[in-house]
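> Take this structure first; my questions come after.
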Amino acid sequence: MSPLLDIRGVSVRFGGLAAVSDLALALGQGEIHALIGPNGAGKSTVINCISGFQPLSAGEMRLGDERLGQLTPVTAARKGIARTFQTPQLFGRLSVADNVRVASRSGRTGLFDGGELIELVGLAGLQARAAESLAYGQQRLLEVARALACAPRLLLLDEPAAGLAADDIARLARLLRRIAGELGLGILLVEHNVGLVKRLCDQATVMHHGLVIASGSPAAVLSDPAVVTAYLGAQASPSQARPC
Amino acid sequence: MRSVVEPLSPSKAGAAPHKSILARYRPWLVALAVLAALFAAAPRLLSDYQLYTLNLIQVNILLAVGLNLVIGVTRQFALFSGALLGIGAYVAALLQMRLGVPFLLSLPVAVLATMAVSAAVSLVAWRAGGLYLAMITFGFGEVFQFILVHADAITNGPDGLAVPRPAFAGVSFAAPARLFELFLPLTAIAVAGYRLMETGSLGRTMTALGDSEIALASVGRDPRMAKTIAFAIQGAYAGLAGAMFAAAVGFIDPYSFGLGVTLQQLTAIAVGGFGSLAGAVVGGAVLTLIERGVMDLPGVREIVYGLALLVVFLGFPAGLAGLFSRRRASRPADAGR
Amino acid sequence: MLSVSGLTLSHGAAVAVRDVSFEVREHEVTVLLGANGAGKTTIMMALSGLLPVRAGDIRLDGHRITGAGNDRLVGLGIVQVPQGRQVFPGMTVRENLELGAFLRRDRNVGTDLDRIFAHFPKLAERTGQTAGTLSGGEQQMLAIGRALMGKPRLLLLDEPSLGLAPVIVDAVYDIVAELVRDGLTILLAEQNVAKALSVAARGFVLENGTVIASGSGAELAATDFVHRAYLGSSDDDLPHDAER
Ligand SMILES: Nc1ncnc2c1ncn2[C@@H]1O[C@H](COP(=O)(O)OP(=O)(O)OP(=O)(O)O)[C@@H](O)[C@H]1O
Ligand SMILES: Nc1ncnc2c1ncn2[C@@H]1O[C@H](COP(=O)(O)OP(=O)(O)OP(=O)(O)O)[C@@H](O)[C@H]1O
Ligand SMILES: [Mg+2]
Ligand SMILES: [Mg+2]
């Protein structure tokens with residue numbers, strides 16, 4: 001069976017800068033795959049490519065049996081690719097409930113309805129609040145709920161746990177496990193919270209300067225010397241991994 | 001999520017969750033009653049001049065409601081309200097004069113034509129944002145005016161057109177009172193229709209478009225489509241307003257539909273409060289009254305507009321409508337726990 | 001240096017912070033901990049004059065500064081790094097940094113620029129790049145760098161580790177330690193509890209807009225909130241079931 005997402009030879013250039021070079025990455029159904037690496041490694045650019053926000057300079061991508069070809073954000077979303085943004089992009093004047101409603105389409109049913117999603121990410125009681133009035137962490141959680149409301153096959157999360165407190169991270173991790181397990185969703189997780197990556201992800205790919213420098217199980221890549229120097233920092237040891 | 005938002009003072013939030021049907025529709029019923037009273041009483045009690053003003057108020061309200069959707073809600077900086085009003089007015093007038101189409105039939109045609117033009121402009125210009133869209137639509141308005149002036153075989157050029165007074169089944173609608181009776185239901189339906197749109201799923205999409213185009217695309221909604229719909233709706237309201245304007249004033253010329261109209265309307269929705277339907281209605285009405293009040297005093301109009309804008313933006317940035325909705329808007333309906 | 005008493009803050013009619021009192025001592029890091037939505041950013045905003053004070057008193061060196069505007073407070077040396085890296089997107093990296101020094105009278109801007117580039121080599125590579133096209137983490141570095149260019153006396157750091165790779169988080173906390181040694185005073189809001197406690201002399205925990213615990217780093221470490229933050233990193237809270 002072909003993987004849910006198959007990326008081959010993908011490159012993106014910004015003028016003279018190779019933000020992504022010859023990237024290969026495969027992600028199966030129900031798999032949670034971490035994409036990590038130093039700041040500016042090209043992770044968000046990869047998410048932008050898969051979700052149609054960034055044209056490729058070279059390479060090809062497949063979703064299941066289908067070649068993705070020239071994607072626009074709208075066509076990507078309609079093929080079942082949902083995403084969050086590293087800087088929250090909410091519908092600020094709409095309520096929390098309406099943010100989720102804009103995304104949910106009848107016809108395709110996910111496991112949860114909008115109200116359940118809001119509760120599952122931990123925003124119960126805030127349904128009527130305007131999104132722009134939420135605290136930062138609450139905004140990040142709403143982004144996740146909205147992406148899930150699209151009932152996607154593939155979920156791209158750009159640092160969903162950044163700025164979240166421990167309880168909310170734990171809740172988010174449980175939710176992601178559950179949707180990957182029960183719905184067979186593939187999840188590509190960009191995240192700097194190494195503890196979370198270790199606990200939650202089945203596979204990990206590490207990028208640096210647009211290139212893949214390691215891939216495999218999270219535990220293995222996180223102890224790879226190249227990854228330690230480029231990403232974790234020289235003095236990093238397992239005990240210093242960030243509590244989350 | 002622990003939220004600490006609590007009302008400062010006890011609020012009415014959390015009142016009976018199942019309101020009776022009567023309570024639910026009370027705002028609508030109140031509006032209906034007020035309109036019915038106005039419909040019955042105004043033609044009897046008011047002078048022709050006052051009724052004429054009321055008719056113009058309705059024209060400006062419709063125009064403001066349409067512009068408010070595009071600028072206040074979807075935040076597309078389109079500056080061609082004047083031209084759209086002109087399309088509605090000229091289409092209705094020319095249909096009546098050149099083809100003998102009755103007024104009531106010319107109305108929907110004017111609406112559709114203006115809608116189509118507005119939507120077409122959006123389809124051409126949808127990628128342009130901010131200042132570029134402003135310049136494109138501004139340019140459209142200038143070209144439109146140029147055409148009106150120079151296609152004098154059809155439009156009678158700068159001399160303008162004397163528009164026939166509407167008549168229907170032998171009854172003339174020449175008197176302001178008769179026009180008022182015709183206009184009020186149309187305006188009421190148009191505004192009520194907007195309210196339904198605004199509170200429904202289309203309205204959500206329109207607000208979402210104004211808040212984040214990329215987020216809208218990311219959930220599979222096409223921003224281009226959403227923009228085109230917004231422009232089409234604006235066109236419909238401006239087209240209706242234009243046809244009513246031609247009938248109410250009885251004379252149209254190219255200079256009535258320039259950038260000045262657009263800027264007036266912009267002032268109206270700014271004073272009323274960007275994005276708010278009530279604001280557009282109040283703003284459109286206030287604007288007309290100012291306009292009528294200072295008509296004969298050259299230069300005063302601009303000063304009054306300027307002052308109105310300054311007072312609103314320095315004093316209450318949410319506009320006149322914000323004064324009434326502030327309490328409601330900041331009431332935390334959740335007190336989340 | 002800074003003392004806050006009976007601070008009550010609201011967004012519109014919604015009270016977000018109620019009767020909070022605390023002190024920030026000179027040449028120390030004071031940390032503000034709390035769940036998402038607890039009120040940390042709200043307090044930061046009030047301290048930098050961006051949110052009106054509903055009740056209470058803020059004093060800097062004994063002088064009342066309650067209600068002073070942002071420009072005056074910046075003049076007094078209180079500079080904030082806002083949450084979610086707000087840089088001027090249309091300006092270059094260098095222009096952003098120079099703008100941070102706008103209110104300074106001295107002429108040593110050049111050496112400070114060099115110091116910031118030494119801390120964040122990534123920014124040195126990108127001096128001419130428009131800030132809006134930087135990656136998320138690069139923008140966060142820029143936001144911190146810009147605040148430092150203002151040569152503050154009191155630095156308000158709202159979630160500085162947001163979006164940063166572990167190696168850069170270490171760098172940021174090295175800078176924090178260095179700045180404090182050089183005499184700066186810092187108020188820090190942070191979800192990365194371990195990192196925050198590694199530099200903080202004292203701090204307090206907010207819940208629902210009120211202070212529920214305060215004291216030295218060791219005393220904070222004994223609180224339930226900090227305890228949960230560390231617990232969250234253990235591997236055994238990820239069974240798929242049991243929500244809450
Ligand atoms: N439009 C652009 N022009 C020039 N450079 C760009 C542009 N967009 C991105 N870059 C650069 O490409 C590189 C990759 O950016 P990207 O946002 O993918 O990084 P990232 O891995 O997500 O980093 P972070 O962890 O900091 O978010 C960065 O160095 C960034 O500065
Ligand atoms: N503009 C606003 N209008 C209404 N409520 C607001 C507004 N901004 C924040 N709030 C609410 O005030 C409370 C405190 O928010 P604040 O941003 O201070 O939290 P925080 O502790 O900084 O959280 P985070 O860790 O997520 O950044 C939250 O419940 C939030 O939803
Ligand atoms: Mg990124
Ligand atoms: Mg905050």
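> Can you find, within region C:96-148, the residue that is least open to solvent (accessible area, probe 1.4 Å) among those that are within 16 Å of ligand 1 (Cβ to nearest atom) and among the acidic types (Asp, Glu)?
Here the answer is C:GLU138.
> Among the residues of region C:202-219, count how many are more than 14 Å from chain B (Cβ to nearest Cβ), touching a Ser or Thr at 6+ places or on another chain (Cβ under 7 Å) and in contact (Cβ under 8 Å) with a residue 60 or more places away in the chain.
3
Yes or no, residue by residue, for (1) closer than 26 Å to B:GLY157 by Cα; (2) part of a helix (DSSP H, G or I); (3) at pLDDT 80 or above:
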| position | (1), (2), (3) |
| --- | --- |
| B:SER9 | no, no, no |
| B:LYS19 | no, no, no |
| B:LEU32 | no, yes, yes |
| B:VAL65 | no, yes, yes |
| B:ASN68 | no, yes, yes |
| B:GLY86 | yes, yes, yes |
| B:VAL91 | yes, yes, yes |
| B:LEU95 | yes, yes, yes |
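> Also: Exactly one condition in (1) surrounded by 12 or more Cβ atoms within 10 Å (Cβ to Cβ); (2) within 14 Å of chain A (Cβ to nearest Cβ) is not met by B:ALA167; state its number.
Exception for B:ALA167: condition (2).
> Here's another thing I want to ask about it. Kindly state which strands (runs of 3 or more DSSP E) lie completely within region A:17-136 and contain at least 2 residues that are surrounded by 24 or more Cβ atoms within 10 Å (Cβ to Cβ).
Where strands (runs of 3 or more DSSP E) fall fully within region A:17-136 and carry at least 2 residues being surrounded by 24 or more Cβ atoms within 10 Å (Cβ to Cβ), they are A:17-27, A:32-36, A:81-83.
> State whether the residues of region C:201-214 include one that is within 23 Å of C:GLU138 (Cα to Cα), in a loop (DSSP other than H, G, I, E, B) and open to solvent by less than 10 Å² (accessible area, probe 1.4 Å).
no
> Of all residues in region A:1-35 being within 14 Å of chain C (Cβ to nearest Cβ) and in contact with a Pro (Cβ under 9 Å, 6 or more places away or on another chain), which is farthest from ligand 2 (Cβ to nearest atom)?
A:VAL12
> Here's a check for you: in region C:149-168, which residue that is open to solvent by 10 Å² or more (accessible area, probe 1.4 Å) and among the aliphatic types (A, V, I, L, M) is farthest from the other protein chains (Cβ to nearest Cβ)?
Among them, the one singled out is C:ILE168.
> For B:ALA243, work out the one condition from (1) within 13 Å of chain A (Cβ to nearest Cβ); (2) of a type outside the set (D, E, K, R); (3) in a helix (DSSP H, G or I) it doesn't fulfil.
(1)
> Conditions: (1) at pLDDT 95 or above; (2) over 25 Å from A:VAL144 (Cβ atoms); (3) aromatic (Phe, Trp, Tyr). A:PHE91 meets all but one. Number of the miss?
Condition (2) is where A:PHE91 drops out.
> A further question on this structure: Just checking: which of the helices (runs of 4 or more DSSP H) contained wholly in region C:14-103 hold 3 or more residues that are more than 16 Å from ligand 4 (Cβ to nearest atom)?
In region C:14-103, the matching helices (runs of 4 or more DSSP H) lie at C:70-75, C:93-100.
> Being out of contact with any Ser or Thr (no Cβ under 8 Å at 6 or more places or on another chain), within 8 Å of ligand 1 (Cβ to nearest atom) and in contact (Cβ under 8 Å) with a residue 12 or more places away in the chain narrows it down to one residue among A:PRO55, A:PRO38; which is it?
A:PRO38
> Another question about this same structure. From A:ALA166, A:ALA219, grab the single residue that is open to solvent by 10 Å² or more (accessible area, probe 1.4 Å) and touching a Cys at 6+ places or on another chain (Cβ under 8 Å).
A:ALA166
> Something else about it: Going by the conditions given, is A:ALA135 more than 30 Å from A:PHE14 (Cβ to Cβ) and facing chain C (nearest Cβ under 9 Å)? Lay out the reasoning, then the answer.
Numbers: more than 30 Å from A:PHE14 (Cβ to Cβ): yes; facing chain C (nearest Cβ under 9 Å): yes.
Taking the combined requirement at face value, the residue satisfies it.
The values are calculated or read from the model by the stated rules, or taken from the named source; none is laboratory data. All values derive from a computational prediction rather than experimental measurement. Positions of Cβ are backbone-derived with ideal geometry, glycine not excepted, and every protein chain shown enters the neighbour counts. SASA here: full protein model, heavy atoms, side chains in, ligands and nucleic acids out. Shrake-Rupley method; radii C 1.70, N 1.55, O 1.52, S 1.80 Å.
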